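The values are calculated or read from the model by the stated rules, or taken from the named source; none is laboratory data. Predicted, not measured: the structure shown is a model, and the values here were computed from it. Positions of Cβ are backbone-derived with ideal geometry, glycine not excepted, and every protein chain shown enters the neighbour counts.
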Ligand SMILES: Cc1cc2nc3c(=O)[nH]c(=O)nc-3n(C[C@H](O)[C@H](O)[C@H](O)COP(=O)(O)O)c2cc1C
């Protein structure tokens, strides 16, 4: 299946693994790239040594294109991006900051740049300073989706920019892929769905919690990490946000969130931890391998295309 995104990144299928801290690790990134998609490594709060080791590990596991993701407001993120540029990582994906300097440097070695955006203003700005594609995150998404749902956000941004769009937020199967293409996107990024695969490092208890929950079992709140953020609804998550003071500053709120995220992913302890998750968890019913999932999404999308009414 070929789109502007598969051509831009030289990949087989229009399916991306977005950056997810502690989840989009070298093994999962390489699995997605080896399956014909594009895996994006999450650098999160990595030190420079950890970022360099992770980039080199991905390179040892795949000879396919992959990406490096960074939230520019996290301390140390810019230095990590500089390292990824030295390593000539094929695709750089940045969020929460201005990435004009990344565009300039990435293009010197023939790499490509994706800006993650959630609204019209940031989409237009990134388009203006020369990014190659946008990753557009709708309200359904795990973590920091925008105010507007994918159904409305994707076609609006497709109308106002002249670069390819990767739709994120609520996509987990071939129906979602076809819908995204119909809305004007050129690919999908699946966070929650790839987090629920064999190769994902998410603890088994937490994977089971995803399987057990419905499309309604999430909370969208500023009281988890200081920004509007979607998390899994659990007894502990409700208590956690009740304990966050109304006037808590963003920095201390974000600091408190880090260990909670780690407990959920690494220890599978949802009595202490809080899991970032999207509404699409309610469509997750099994834990396939990455290869099985990618093939399933493509096969389902192709079947839909052949049965659409004239
Ligand atoms: C478990 C999990 C962890 C995530 N961690 C991050 C993160 O650290 N930084 C970030 O910008 N987005 C993070 N995300 C959001 C994804 O990058 C992506 O925007 C989102 O998963 C897309 O929506 P979906 O879950 O409906 O596919 C995370 C998502 C999940 C499911």
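Couple of notes before you dig in:
- Evaluating residue 48 against the criteria (1) within 16 Å of the ligand (Cβ to nearest atom); (2) at pLDDT 95 or above; (3) under 23 Å from residue 262 (Cα atoms) leaves one unmet condition, (1).
- Which numbered condition residue 239 misses (of (1) within 15 Å of the ligand (Cβ to nearest atom); (2) modelled with pLDDT of 95 or more): (1)
- Residues located in region 255-302, provided they are within 12 Å of the ligand (Cβ to nearest atom), more than 17 Å from residue 196 (Cα to Cα) and surrounded by fewer than 17 Cβ atoms within 10 Å (Cβ to Cβ): 258
- For region 134-154, the criterion of being touching a helix residue (DSSP H, G or I) at 6+ places or on another chain (Cβ under 6 Å), more than 14 Å from the ligand (Cβ to nearest atom) and touching a residue at least 12 places away in the same chain (Cβ under 8 Å) is met by no residue.
- Failed criterion for residue 210 (all others in (1) under 19 Å from the mean Cα position of the chain (by Cα); (2) in a helix (DSSP H, G or I); (3) more than 15 Å from the ligand (Cβ to nearest atom) hold): (3)
- Given (1) outside any helix (DSSP H, G or I); (2) surrounded by fewer than 21 Cβ atoms within 10 Å (Cβ to Cβ); (3) touching a strand residue (DSSP E or B) at 6+ places or on another chain (Cβ under 8 Å), number of the condition residue 6 does not satisfy: (1)
- Residues being within 17 Å of the chain's Cα centre (by Cα) and either more than 12 Å from the ligand (Cβ to nearest atom) or surrounded by 17 or more Cβ atoms within 10 Å (Cβ to Cβ) (or both) - total across region 184-206: 16
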